[in-house]
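For reference, the structure discussed in these notes is given below.
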C-alpha cells in the first residue's frame with residue numbers, strides 16, 4: 001500500500017515549482033483503474049464495430065481524397081484491436097511498440113490512427129503508469145501501455161443499415177445450439193477441478209491460479225481416500 005501511495009505522490013507537482021515527471025498528465029495507476037473501464041463484449045459486437053468503421057470511412061470520404069476520416073491505418077488498428085480483445089473481460093492493453101511490430105507501421109502512423117479512431121468515437125483509452133521500484137532518488141513511476149476500449153458511435157451504427165441487426169436463427173440452428181450446449185455441459189461434468197478452471201476461465205493467470213488450487217484440492221482428497229483403514233482403527237483403539 002505504501003508503494004502505491006508513493007507512486008501516486010510521485011506524480012503530484014511540488015508547490016511553487018513545475019512538475020517534471022516521466023508520465024503523462026491524467027495517467028492512472030495500472031491495475032487499479034480498469035475495472036470500471038473495460039467491458040465484457042462478444043466477437044459479434046467487435047465485428048460490428050469494424051464493419052461500421054469501414055462503412056463510415058467510405059461514407060465520409062471526401063471526393064478526391066485517398067482516405068476518409070479514419071484512414072487506412074486507423075482501420076488496420078481497429079481490426080487488430082478487435083481480434084486482440086479478451087471478450088470475457090474486455091481487457092485490451094497493447095503497447096505502441098506491439099502495434100508497430102504487428103502492423104508494420106511507424107509510431108507516428110499508429111498515433112495518428114489512434115487519435116482518429118478516438119476522435120470519431122470508435123475507441124477510448126486510459127493512460128496508465130506503473131511504479132519503477134526505484135530506491136532513493138530518480139523517477140518512482142514510469143509510463144506503461146494504455147488501456148483501450150472499443151465503442152460503436154451512433155453515426156457509424158447508422159451506416160450498418162440492415163446489416164446492423166442479426167437475422168433470426170432458423171429452427172434447426174436453435175436445436176443445434178441447444179444440443180451443443182448440452183454436450184459442453186456434459187463435458188464439464190467429467191472434468192477435474194484443475195481442468196474445469198482452465199476450461200471455464202481460460203489459460204490465463206487467473207485460470208492457471210485456479211487450476212493449481214484445484215490440483216491441490218484433488219491431491220488432498222486423493223490422499224485422504226488412500227489412507228489405510230487400519231490407521232483409523234488404531235486411533236480409535238488408543
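What follows is calculated from the coordinates using simple rules that are stated; it is not laboratory data. Quantities reported herein were computed from a predicted structural model and do not represent experimental measurements. Backbone-built Cβ (ideal geometry, glycine too); neighbour counts: all protein chains shown.
At a glance:
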item: Estimated D of region 16-104 in µm² per second, where Rh is the Kirkwood radius over Cα pairs and Stokes-Einstein applies at 20 °C, 1.002 mPa s; result: 136
item: Peptides 106-116, 60-70 ordered by average Cβ neighbours within 10 Å, highest first; result: 106-116, 60-70
item: Contour minus Cα-Cα distance for residue 84 and residue 208 (0.36 nm per residue); result: 42.6 nm
item: Where labels lie 7 Å past Cα in the beta-carbon direction, separation of residue 66 and residue 219 in nm; result: 6.0
